[in-house]
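Report on the structure given below.
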Amino acid sequence: MNNLSMYEDIPCRYFKKPGPENTPWVMEAAARRAKELGIRNILVATCSGKTAFDALEIMGTGFKIIAVSHVAGFQKPNHQELSIEVRRQLEAGGVTVLTHQHSFGGIGRAIRNKLSTYQNDEIIAFALRTFGQGTKVAVELALMAADAGLVRTDEDVISIGGTGKGADTALVLQPANSFHFFDLKVKEIICKPTLY
């Protein structure tokens, strides 16, 4: 029973509830685990830029931080949540900013909105939400970043998502392009909320 080569005990931080108050603790845990594993790429969901600024402040410049934002029109027609000025500030701080269509949205969501029927991509999103909204977001970020060519599909990343605002979930995963979704591998849960 003492064969340690068969497994590894890795701590997971569980938050009592979701939300932005967890953001500093998510960034700290993600940075620690990234250093332990030698992972350089950190994906962070951000709408206003605040969570990306938090990542930059807490994690520092030792990582390649990729901030992933909503597409124009997500919140309301012809509106971009991440302002040009905030984008410029993040980029000046060394953050790569990706504005990309959701992998679990887009055309499938248009069909649901128009015809009141769900498509495969939204069913996958609902299944991932059984682990929490942040888990769904973190997986989706990895697909989006791989589709944009910002991360490789043969190198692990840490992907950080949240519920509403801020961050409450961090995963170690191997990205995949969205058209190879089932090649994506969630390798570790660094932290997540237990109630959501």
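The values are calculated or read from the model by the stated rules, or taken from the named source; none is laboratory data. Because the structure is a prediction, the values reported are computed rather than measured. So basically every Cβ, Gly included, is an ideal-geometry build from the backbone, and we count neighbours across all protein chains shown.
Before moving on, here are some points about what is shown:
- Pairs, first modelled with pLDDT of 95 or more in the stretch 27-45, second among the hydroxyl-bearing types (Ser, Thr, Tyr) and not in a strand (DSSP E or B), C-beta under 8 Å, six or more apart: Val44/Thr51; Ala45/Thr51
- Unique match (being of a type in the set (S, T, N, Q), under 20 Å from the mean Cα position of the chain (by Cα) and under 16 Å from Ala176 (Cα atoms)) among Gln133, Gln101: Gln101
- Some residue of the stretch 20-27 being outside any helix (DSSP H, G or I), among the aliphatic types (A, V, I, L, M), in contact with a strand residue (DSSP E or B) (Cβ under 6 Å, 6 or more places away or on another chain) and under 30 Å from Ser83 (Cα atoms): no
- Flag if Lys192 is surrounded by 21 or more Cβ atoms within 10 Å (Cβ to Cβ), in contact with a Ser or Thr (Cβ under 7 Å, 6 or more places away or on another chain) and not aromatic (Phe, Trp, Tyr): yes
- Residues (outside any helix (DSSP H, G or I) and either β-branched (Val, Ile, Thr) or at pLDDT 90 or above (or both)) located in the stretch 105-137: Thr117, Gly132
- Of the residues making up the stretch 21-44, those that are more than 14 Å from the chain's Cα centre (by Cα) and of a type outside the set (A, V, I, L, M, F, W, C) are Glu21, Asn22, Pro24, Glu28, Arg32, Arg33, Lys35, Glu36, Gly38, Arg40.
- Of all residues in the stretch 105-141, those satisfying the criterion of being surrounded by fewer than 18 Cβ atoms within 10 Å (Cβ to Cβ) and within 23 Å of Thr194 (Cβ to Cβ) are Phe126, Ala127, Arg129, Thr130.
- When the stretch 47-104 is limited to residues that are hydrophobic (A, V, I, L, M, F, W, C) and part of a loop (DSSP other than H, G, I, E, B), the one that is surrounded by the most Cβ atoms within 10 Å (Cβ to Cβ) turns out to be Phe104.
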